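*Asks:* Here it is, the structure, as structure tokens.
The values are calculated or read from the model by the stated rules, or taken from the named source; none is laboratory data. In this text the structure is predicted, and so the values were computed from the model without any measurement. A quick note on method: Cβ atoms are made from the backbone with ideal geometry, for glycine too, and the neighbour counts reach across all protein chains shown. SASA here: full protein model, heavy atoms, side chains in, ligands and nucleic acids out. Shrake-Rupley method; radii C 1.70, N 1.55, O 1.52, S 1.80 Å.
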Amino acid sequence: MAERGCFLVLEGIDGCGKTTQLERLRAWLPSSGLMPPGAELVVTREPGGTGLGLALRQLLLHPPGDAAPGSTAELLLYAADRAQHVQQCIAPALAAGHWVLSDRFSGSTAAYQGHGRGLPLALIDQLAAIATGGLRPDLTLLLELPLAEALRRRGARPADRIEAGGDAFLQRVCAGFSTLAHQQGWCRIDAGQSLEAVTAAIQAAIEDALAGDGCPLAPQAHG
Ligand code: T5A
């Protein structure tokens, strides 16, 4: 049986550069010498890593007419997306020895619905345990960027429903991410540097985390 693969997650406020860095990791990781022979890299995201998830993503970010969810329904829809994502995509890939790199995971729910919307973090942890079946990332990398710079990078692109929550909401999310990183031992990356410097910092963090005994990496609290 193949050794379980490694599960890596990028987190951060909208516009911090996750998608850009994910593509750079997609190109770098398979040739980095870190992955065992035969292991493939599965690159995915939340919400929307499955067929069901794509439909939920549309409802969450671009709901039609009066279909916008309230905060509790929003929490449950993100949890449903994650449950399907873990069951259909992440867990089978890891079990087959492949590596999974996800743009967001449970940490986003704690930051946006917990710290941002003010829903109880203990409830969110319980829901995460149900949705993930206890699966945790081996390494969570937080791309930290001040909100003002994230908004500047978004530029004229229209805000989705979550981004439209306003600056105070997004500021709570930013602060929440930093608190979670501290509490849960995530790796913090200064995303305000140049693209190349951020990429180098991420690669060094992954190499450091893998140094020694390889994957699974040192266990972290719920990520
Ligand atoms: N959400 C998600 C929840 O509320 N709860 C949850 O549980 C989950 C899972 C998903 C939304 O759902 C919320 C959070 C989100 O609001 P999304 O469409 O998946 O949203 O997108 P975001 O994660 O918001 O991603 P974005 O595309 O908006 O931002 P990224 O991916 O962080 O940033 P990126 O790479 O697109 O870069 C943004 C711009 O900055 C430039 C890029 O070229 C681009 O123009 N850039 C840099 N510029 C200068 N220097 C650098 N170092 C740069 N890096 C990137």
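*Asks:* Restricting to Cα atoms and excluding each atom paired with itself, what does the Kirkwood estimate give for region 1-79 in Å?
*Replies:* Numbers: mean 1/r = 0.0659 Å⁻¹.
Mean inverse Cα-Cα distance, inverted, gives 15.2 Å.
*Asks:* Here's something else I'd like to know. How would S194, S102 line up by accessible area, probe 1.4 Å, largest first?
*Replies:* S194, S102
*Asks:* Considering only protein heavy atoms, with the full assembly of protein chains and a 1.4 angstrom probe, order E3, E207 by accessible area, largest first.
*Replies:* E3, E207
*Asks:* For E144, what accessible area in Å² do you get when you roll a 1.4 Å probe over the heavy atoms of the protein chains, rounding to the nearest 10?
*Replies:* Rounded to the nearest 10, that gives 50 Å².
*Asks:* Ordered by packing density, taken as the mean number of other Cβ atoms within 10 Å over each peptide's residues, highest first, how do 76-86, 24-34 rank? Mind showing how you got there, number by number?
*Replies:* Numbers: 76-86: 21.1, 24-34: 14.3.
Averaged packing, sorted descending, gives the order 76-86, 24-34.
*Asks:* Roughly how many Å² is the accessible area per residue of the chain, as a whole number, for a 1.4 Å probe?
*Replies:* 45
*Asks:* Return the sequence-ordered ³J(HN,Hα) values of region 77-89 in whole Hz as given by the Karplus equation 6.51 cos²θ - 1.76 cosθ + 1.60 applied to θ = phi - 60°, using x for Gly and Pro.
*Replies:* 3J(HN,Hα) across region 77-89, in whole Hz: 5, 5, 5, 5, 4, 5, 4, 5, 4, 5, 5, 8, 10.
*Asks:* When only Cα pairs under 8 Å and 6 or more residues apart are kept, what is the percent relative contact order across the chain?
*Replies:* Details: 351 pairs, mean separation 71.0, N = 223.
The normalised contact order for the chain reaches 32 percent.
*Asks:* Sort 65-72, 91-98 by the packing proxy (mean of other Cβ within 10 Å over each peptide's residues), most packed first.
*Replies:* 91-98, 65-72
*Asks:* Where the accessible area of region 7-221 is counted over protein heavy atoms with a 1.4 Å probe, how much of it, in %, is carbon and sulfur?
*Replies:* Ligands and nucleic acids excluded, carbon and sulfur give 57 percent.
*Asks:* Would you mind calculating the relative contact order of region 70-148 from Cα pairs under 8 angstrom and at least 6 residues apart, reporting the percent as a whole number?
*Replies:* Computed value for region 70-148: 37 percent relative contact order.
*Asks:* Under 5 Å between amide H atoms, partner at least 5 residues away or on a different chain: which partners does G97 have, H built in plane at 1.01 Å?
*Replies:* Answer set, sorted by chain and number: G5.
*Asks:* Rounded to whole Å and sorted largest first, what semi-axes of the equivalent ellipsoid does the C-alpha gyration tensor of region 7-221 yield via the square root of 5 times each eigenvalue?
*Replies:* Computed over region 7-221, the values are 26, 21, 16 Å.
*Asks:* Give me the angle, in degrees from 0 to 90, between the Cα long axis of helix 167-184 and the longest principal axis of the Cα atoms of the chain, rounded to the nearest 10.
*Replies:* 30
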